[in-house]
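**Q** This is the structure I have questions about; it appears just below.
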Amino acid sequence: MYKAYKYRIYPTQEQKKLLAQHLGNVRWFWNYALNKSETTYRETGKGLTRNAIQKLLPELKKEYEWLGLCYSQCLQVVALNLSTAYKNFFEKRGGYPRYKSKKGRQSIQYPQNVKLEGDYLKLPGAVGKIYCRLSRNFEGTIKTTTISLTPSGQYYASILVDDGKAIPQASKEGKAIGIDVGVTDIAVTSDNEKFSNPKWMAKHEKNRIRKERKFTRKQKGSKRRDKARIIVAKVHNHIANCRSDFLHKLSRRIVDENQVICVESLNVKAMTKNRKLSRAISQVGWGMLCTMLKYKAEWEGKTYIEVDRFFPSSKTCSHCYHKVEELPLNIRSWQCPKCNTQHDRDINAATNIRDEGLRILSVGRIDRGVTRRATAHSNLRTAQGRTVRLTSVSKGD
């Protein structure tokens with residue numbers, strides 16, 4: 001099983017110069033290979049394969065001697081990454097590969113020959129040993145190591161490790177939970193728990209605006225403007241770290257306490273097109289939370305399932321399954337007109353998401369556009385620490 005560990009590293013001034021040279025070489029070769037692939041496609045109708053990109057290196061090193069200063073395998077892995085990016089694009093798993101700029105996050109990948117010696121990370125080539133702050137230890141074989149430089153000037157090492165263990169088989173036996181995400185409350189569970197949105201950006205709003213105003217007043221191209229840019233980047237980096245820390249703790253708690261985790265599939269990109277909610281949706285980190293829940297559940301041998309986003313979880317009564325016609329966003333609680341049950345909008349949605357996730361696990365498929373539960377089965381499920389029998393009932397009557 002592969003796991004990645006991220007550590008903060010502290011290179012010396014000489015090592016920073018070498019890393020800057022290597023990062024520039026890798027960035028240049030990526031842009032060159034991407035441009036060459038586009039040109040070849042326009043001329044011949046076919047792009048360049050991974051081997052064809054790697055065969056460009058010997059001639060390029062003769063023409064540009066500074067390419068030889070970089071560790072050779074760091075340049076070769078660029079061909080692999082570019083071909084993978086194109087494959088993901090054609091299979092609709094990612095966007096079209098973009099040209100890299102030196103103004104954003106920089107990274108370089110070492111596919112092998114990286115060792116961890118005490119408190120130092122030993123990289124092949126001229127860089128040598130870099131002091132590494134080991135926040136936690138790991139067991140296994142180092143597969144690849146990615147050195148990254150953030151806009152705030154911080155260096156990190158992301159180490160991919162193979163611990164030799166097999167991924168545990170997912171089990172469905174145990175407590176199930178449904179999660180409904182939102183803006184005010186980042187997560188509402190079927191256990192009647194609400195986790196409020198800490199609103200990290202709002203807490204640092206005044207500080208961020210003040211630093212950004214100082215940055216814009218500096219003369220372009222000056223050293224003071226570059227220093228101000230780093231200060232602004234540190235503020236955004238702090239906000240990102242706060243968000244990541246909160247989501248890691250929340251996802252870890254949910255995975256540890258439950259066996260089956262049901263969430264609603266989200267199209268965050270489409271939701272951010274709403275001008276009134278785009279900023280709040282972007283800051284809350286729904287996609288990051290779902291990603292953390294998914295891989296942590298996989299590591300623990302637990303079941304993570306996504307319910308179709310068109311499933312009417314909020315409009316459906318979780319008690320009698322009656323569906324109301326309309327339920328505006330400003331209505332946070334409502335009463336079922338059929339059974340007179342009073343519902344909290346978010347808790348009711350989380351309960352329905354849990355029940356629909358269990359139905360999908362039982363039936364083995366998602367019925368799109370169907371507004372009634374399966375009518376030919378009954379299912380045993382565990383909810384809130386007890387086992388109950390779920391009988392099939394029509395929603396729309």
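The values are calculated or read from the model by the stated rules, or taken from the named source; none is laboratory data. In this text, all values refer to a predicted model and were calculated from it rather than measured experimentally. Here Cβ is always computed from backbone atoms with ideal geometry, including for glycine, and neighbour counts include all displayed protein chains.
**Q** Report, by residue number, each residue of region 18-30 that is under 13 Å from L75 (Cα atoms) and touching a residue at least 60 places away in the same chain (Cβ under 8 Å).
**A** H22, L23, G24, V26, R27, W30
**Q** Run down Q15, Q54 and say which single residue is farther than 21 Å from K102 by Cα, touching a residue at least 24 places away in the same chain (Cβ under 8 Å) and in the same structural domain as Q154 (by TED's automatic domain parsing).
**A** Q54
**Q** Okay, moving on. Of the conditions (1) among the small types (G, A, S); (2) surrounded by fewer than 20 Cβ atoms within 10 Å (Cβ to Cβ); (3) closer than 17 Å to N51 by Cα, G24 satisfies every one except a single condition; which number is it?
**A** Checking G24 against (1) among the small types (G, A, S); (2) surrounded by fewer than 20 Cβ atoms within 10 Å (Cβ to Cβ); (3) closer than 17 Å to N51 by Cα, the one that fails is (3).
**Q** Turning to a different aspect of this structure: Limited to region 3-15, what total is found for residues that are surrounded by fewer than 16 Cβ atoms within 10 Å (Cβ to Cβ) and within 23 Å of V78 (Cα to Cα)?
**A** Counting residues in region 3-15 that are surrounded by fewer than 16 Cβ atoms within 10 Å (Cβ to Cβ) and within 23 Å of V78 (Cα to Cα) gives 3.
**Q** In a loop (DSSP other than H, G, I, E, B), surrounded by 15 or more Cβ atoms within 10 Å (Cβ to Cβ), within 26 Å of the chain's Cα centre (by Cα) and not acidic (D, E) - does that describe any residue in region 356-367?
**A** Yes, that holds for at least one residue.
**Q** Would you mind finding the one in Y155, Y71, Y96, Y110 that is without any contact (Cβ under 8 Å) to a residue 24 or more places away in the chain, among the aromatic types (F, W, Y) and assigned by TED's automatic domain parsing to the domain that holds N31?
**A** None of the other options fit; the residue is Y96.
**Q** Can you name the number of the only condition in (1) outside any loop (DSSP other than H, G, I, E, B); (2) crowded, with 16+ Cβ neighbours inside 10 Å that A202 fails?
**A** Every condition holds for A202 apart from (2).
**Q** If you don't mind, there's one more thing I want to ask. Just name the residue that is surrounded by the fewest Cβ atoms within 10 Å (Cβ to Cβ) out of those in region 137-184 that are assigned to a strand (DSSP E or B) and among the polar types (S, T, N, Q).
**A** Across region 137-184, the extreme among qualifying residues is T141.
**Q** Now for a different question. Among the residues that make up region 227-239, is at least one of them β-branched (V, I, T) and under 17 Å from the mean Cα position of the chain (by Cα)?
**A** yes
**Q** Give the residue, chosen from E117, E205, E173, that is under 30 Å from N25 (Cα atoms) and either in contact with an Asp or Glu (Cβ under 6 Å, 6 or more places away or on another chain) or at pLDDT below 90 (or both).
**A** Result: E117 is the single residue among E117, E205, E173 that is under 30 Å from N25 (Cα atoms) and either in contact with an Asp or Glu (Cβ under 6 Å, 6 or more places away or on another chain) or at pLDDT below 90 (or both).
**Q** If we keep just the residues of region 2-50 that are among the aliphatic types (A, V, I, L, M) and more than 29 Å from the chain's Cα centre (by Cα), which is farthest from Y71 (Cα to Cα)?
**A** Only one residue tops the list, namely L48.
**Q** Return the residues of region 70-109 that are aliphatic (A, V, I, L, M) and surrounded by fewer than 15 Cβ atoms within 10 Å (Cβ to Cβ); say none if nothing qualifies.
**A** L80
**Q** In region 28-61, which residue that is charged (D, E, K, R), part of a helix (DSSP H, G or I) and touching a helix residue (DSSP H, G or I) at 6+ places or on another chain (Cβ under 9 Å) is surrounded by the most Cβ atoms within 10 Å (Cβ to Cβ)?
**A** Top of the filtered list is R50.
**Q** Kindly indicate which of S251, S265, S244 is touching a residue at least 12 places away in the same chain (Cβ under 8 Å), surrounded by 16 or more Cβ atoms within 10 Å (Cβ to Cβ), hydroxyl-bearing (S, T, Y) and under 30 Å from I167 (Cα atoms).
**A** S251
**Q** Ok, one more. Confirm whether N192 is farther than 27 Å from K6 by Cβ and surrounded by fewer than 18 Cβ atoms within 10 Å (Cβ to Cβ).
**A** Yes.
**Q** Then there is this: Within region 258-290, count every residue that is assigned to a loop (DSSP other than H, G, I, E, B), modelled with pLDDT of 85 or more and farther than 20 Å from P312 by Cα.
**A** Number of matching residues: 3.
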